[in-house]
Amino acid sequence: MFVDEAKIYVRAGDGGAGCKSFRREAYVPKGGPDGGDGGRGGNVILRADGAVSTLLDYRYIRHYKAERGIHGKGSMRHGAWGDDLILPVPLGTVVRDDNTGEFLADLTHQGQELIIAEGGRGGRGNIHFVTPTKRAPAFAELGEPAEERWVTLEMKLLADAALVGFPSVGKSSLIARMSAARPKIADYPFTTLAPNLGVVKAGNNSFVVADVPGLIEGASEGKGLGHAFLRHIERTALIIHVVDLTGSYDERDVLEDIAVIDGELESHAKELAARPRVLVGNKIDVAHTAEASARVRAFAEEHEIPYFEVSAVTGQGMDALVLRVGEMVHGLRAKIVEEASSAEVRYVHTPVRERSFEVKRTDSGGYEVVGRSIERMVIMTEIGNDEALAFLQKRLVKAGVEKALAEAGAVDGDEITIAGVTFEFEGVPVTDEELEFIEDDEIEIVEGDEVPIIEDEPTE
């Protein structure tokens, strides 16, 4: 079964919570805080794998979750990082955010990776919050919730050349003659229900050819079967347009056939109109096809398109076609490789870390502060801990939130909502000395630091 589209839900691992702990050793007075940091949650990673041929597995299992980070513990024991979850996808998979339609990546080379959901940052232990005026902080950070999203996976075949044309023009017979592919062949329209790939040896060159279901007029608008596979033609370096010289399909005119198929390709993607192509007049072995072939040849010469008369049944003209296509594909691919020589092998997911935020007036008369970095400060704060709340207030002051609220018209007693948590606005003076010791919230323990790592399960 060939499956070329799937929608999946992915969730990375939550970050582990930091630990609130103090040293307790005999003969060591005032041991001080020693809470370890929580581990970062695992990422969800898509990896291009040539051994995977379809997206079938993602039709049956749609939810994927990476491992969470381990909570920190006392004695500066940091929680272990959660393992990444790696999902193999076929070469040629295009990834989009299902909610916004945003293009995320095009995984075309073996081993290319995309971090599709980033694990949550581990919370800092109370060792990080020591200041000259507060030597024993009795709070730590919670772990950061992980990213989650629905994504659409769309597979586009990585073929060098694509056979296109109306149903029953002989595309399946041609790919069977050119390669070792053995598609279903019959004398009725829409015999081909899924794309077929074949490897063709052409002298010193070789190339991959794809046979997609036949196109009909209106295919780009959803008519027929080929519309579902038009995307596979987008990647090909060369289009092999096959014409039935006998006009057996609905007794059509050969030049009308060419115009219709060209129009459908352009309607699907305008750049396909300028894609290099060859014209192939098939079934030359049938009587009374010379006139139709002459008309196609004249059209090809007028538009400077290579033209070949062939018979997929007898093999007539196939050698010349294969050699010419091999030469053209080799030259086109060399040009593409040269242009893409600087392409990255790994896509790195770059989460939004901007410090900007926005103050909005709510319908209830209060204010809402929106901004990833500010919201994260609140999410990672233990709201029930008075010391943690006092520290959060200082961080918000340092980030400029209190000033922005005052400029927006907030006064003492107004309701302020951040990340779903409601506070009461209260302008409390904070000295520069206090703000000086507020650490940047981007600081985190890097995996591999020489500190004890906890490998047991997190404590809920």
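The values are calculated or read from the model by the stated rules, or taken from the named source; none is laboratory data. From a predicted model like this one, the values you see are computed outputs, not experimental measurements. Reconstructed Cβ throughout: ideal geometry from the backbone, glycine too, with neighbour counts over all protein chains shown.
From the list Ile45, Ile86, Ile70, which one is more than 23 Å from His109 (Cβ to Cβ), within 31 Å of the chain's Cα centre (by Cα) and of a type in the set (A, V, I, L, M)?
Ile70
Sort out which residues of region 12-63 are surrounded by fewer than 20 Cβ atoms within 10 Å (Cβ to Cβ) and of a type in the set (Lys, Arg), and write them in order of number.
Arg23, Arg24, Lys30, Arg47, Arg59, Arg62
Only one of Val296, Val278, Val322 is in the same structural domain as Leu245 (by TED's automatic domain parsing), surrounded by 19 or more Cβ atoms within 10 Å (Cβ to Cβ), in a strand (DSSP E or B) and among the hydrophobic types (A, V, I, L, M, F, W, C). Can you tell me which?
One residue alone meets the criteria, Val278.
So which residues in region 63-110 are in contact with a Gly (Cβ under 7 Å, 6 or more places away or on another chain) and among the basic types (Lys, Arg)? Quick ask: steps written out before the conclusion?
Within region 63-110, the subset in contact with a Gly (Cβ under 7 Å, 6 or more places away or on another chain) is 66-74, 76-85, 91, 108, 110.
Matches in region 63-110: Arg68, Lys73, Arg77.
In region 33-53, which residues are in contact with a strand residue (DSSP E or B) (Cβ under 7 Å, 6 or more places away or on another chain) and part of a loop (DSSP other than H, G, I, E, B)?
Asp34, Gly36, Asp37, Gly38, Gly39, Gly42, Asn43, Asp49, Val52 - these are the residues of region 33-53 that are in contact with a strand residue (DSSP E or B) (Cβ under 7 Å, 6 or more places away or on another chain) and part of a loop (DSSP other than H, G, I, E, B).
What single numbered condition from (1) more than 17 Å from Ala237 (Cα to Cα); (2) without any contact (Cβ under 8 Å) to a residue 24 or more places away in the chain; (3) charged (D, E, K, R) fails to hold for Glu309?
Only one criterion in (1) more than 17 Å from Ala237 (Cα to Cα); (2) without any contact (Cβ under 8 Å) to a residue 24 or more places away in the chain; (3) charged (D, E, K, R) is unmet by Glu309, namely (2).
Scan Thr381, Thr422 and give me the residue that is surrounded by 19 or more Cβ atoms within 10 Å (Cβ to Cβ) and either closer than 30 Å to Glu113 by Cα or in contact (Cβ under 8 Å) with a residue 12 or more places away in the chain (or both).
Step by step, each of Thr381, Thr422 is checked, and only Thr381 is surrounded by 19 or more Cβ atoms within 10 Å (Cβ to Cβ) and either closer than 30 Å to Glu113 by Cα or in contact (Cβ under 8 Å) with a residue 12 or more places away in the chain (or both).
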